2 protein chains.
Amino acid sequence: MHISDLAAEAGVTVKAVRYYESQGLLKPGREANGYRIYSAEDVIVVREVKALLSLGLTAEQTYPFIECLRAGNDRADVCPASLTAYRTRIAEVDRRIAELTDLRARLTELLTDAENWRTKV
Amino acid sequence: MHISDLAAEAGVTVKAVRYYESQGLLKPGREANGYRIYSAEDVIVVREVKALLSLGLTAEQTYPFIECLRAGNDRADVCPASLTAYRTRIAEVDRRIAELTDLRARLTELLTDAENWRTKV
DNA sequence: CTTGACCTTGACCTTAAGGGCAGGGTTTAG
DNA sequence: CTAAACCCTGCCCTTAAGGTCAAGGTCAAG
């Protein structure tokens with residue numbers, strides 16, 4: 001299949017597919033005229049990348065999942081490296097939530113201070 | 001005072017000061033030779049901007065605080081617009097925390113699913 | 001009078017994941 | 001034969017807050 005077929009089946013744009021390739025996630029063959037040619041497996045790969053990106057992973061962080069698929073697994077997340085990638089992402093999210101929680105506390109304190117100052121005057 | 005004096009007193013870089021100016025937060029006068037010239041009030045302004053940026057506000061969002069200072073107030077956050085800006089930022093943080101909390105739930109579910117799949121096989 | 005420490009503007013670089021366009025080749029249907 | 005609909009590479013654009021030169025003007029001290 002050609003790139004626009006892959007994009008349509010996977011639910012992404014043609015430009016996104018080329019970007020995934022530039023990140024090393026796809027290695028399509030080429031026809032004699034230079035057109036990229038994709039397999040049914042590539043559809044699965046692109047869907048997986050799309051799903052993982054929506055979870056906030058970077059394209060680079062999806063790498064272990066794609067390797068897991070290419071290794072012949074039905075699911076991209078059953079390999080140890082995929083589990084590690086999940087845990088890494090969860091840790092990132094936890095860190096970010098903690099930062100934001102702290103930030104929120106500082107903001108509310110500033111807000112109440114400023115409000116009190118106003119009633120005081 | 002010159003730009004490097006202001007930067008040193010406010011604890012930022014010269015480039016940051018020029019950036020704040022490009023965002024409309026500073027309007028320094030000019031000496032005959034073209035050098036920017038700053039007042040003591042500008043030091044306060046830059047310190048305020050620095051503090052607000054560290055709270056995750058954008059340069060644009062610091063605008064009401066600076067206006068509040070320039071209006072002659074001792075504190076940048078005692079004006080109604082500043083309080084509104086605080087509340088807006090708190091709401092942003094809350095929304096972001098909610099997003100991340102939801103994301104975390106999805107990630108942990110995927111993780112435990114994948115772990116269970118492995119023990120099942 | 002020259003060196004070094006200032007100052008100026010301007011242009012490009014940084015992240016992530018593409019979007020949009022230019023300029024060109026290909027292919028398929030009518 | 002030609003027009004539509006593909007495909008290719010390559011370039012610049014997007015956000016925020018500056019960082020990093022480059023090329024040049026200015027100013028104080030020795």
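Here are some notes:
- Averaged over the residues of B:75-88, the number of partner chain Cβ atoms lying within 10 Å of the residue Cβ comes to 3.
- Each peptide in B:3-12, B:32-41 was scored by the mean count of other Cβ atoms within 10 Å over its residues; highest first, the order is B:3-12, B:32-41.
- Using C-alpha pairs below 8 Å separated by at least 6 residues, the relative contact order for the range A:49-121 is 18 percent.
- Near the amide H of B:ILE37, within less than 5 Å, lie the amide hydrogens of B:GLY29, B:ARG30, B:GLU31, all on another chain or at least 5 residues away, with H placed in the peptide plane.
- Chain B has one residue whose beta-carbon comes closest to the axis relating it to chain A; that residue and its distance in whole Å are B:ILE97, 3.
- Between copies, A:ARG30 shows label-point distances of 5.4 nm, shortest first, with the point placed 7 angstrom from Cα along Cα to C-beta.
- Take B:SER54, move 7 Å from Cα toward the beta carbon, and the resulting point lies 3.9 nm from the same point in each other copy, nearest first.
- Debye log10 I(q)/I(0) for the range A:1-110, one point scatterer per Cα, at q = 0.13, 0.18 Å⁻¹: -0.56, -0.87
- On full extension, the segment bounded by B:GLU92 and B:GLU31 gains 17.8 nm, given 0.36 nm per residue less the C-alpha separation.
- Note on chain B: GNM, Cα springs under 10 Å; of B:ALA85, B:ALA71, B:ALA105, the largest mean-square fluctuation is that of B:ALA105.
- Pairwise centroid distance, computed over Cα atoms, of the range A:70-121 with the range B:1-58, Å: 32 Å
- Here the Gaussian network model covers chain A, with springs between Cα atoms less than 10 Å apart; of A:GLU109, A:GLU48, A:GLU92, A:GLU109 fluctuates the most.
- Taking the Cα centre of the range A:11-62 as origin and assigning +1 to Lys and Arg Cβ atoms and -1 to Asp and Glu Cβ atoms, the resulting dipole is close to 160 debye.
- Cα gyration tensor, the protein assembly as shown - rounded (a/c under 1.5), prolate or oblate: prolate
- Copies compared at B:TRP117 - label distances in nm, ascending, label defined 7 Å from Cα in the Cβ direction: 5.5
- Averaged over peptide B:51-58, the number of partner chain Cβ atoms lying within 10 Å of each residue's Cβ comes to 2.
- Selection among A:ALA7, B:SER54, A:SER54 by position relative to the dipole of the protein assembly as shown gives A:ALA7 as farthest towards the positive end (Cβ unit charges, Cα centre).
- The lysine pair tally for the protein assembly as shown, using Cα distances under 24 Å and a gap of 8 or more places or different chains, is 6.
- Ordering B:ILE44, A:ILE66 by the number of other Cβ atoms within 10 Å of each residue's own Cβ, fewest first, gives B:ILE44, A:ILE66.
Here, each number is a calculation from the coordinates, and none is a lab measurement. Because the structure is a prediction, the values reported are computed rather than measured. Because the Cβ atoms are built from the backbone with ideal geometry, glycine has one as well, and the counts that use them run over all protein chains shown.
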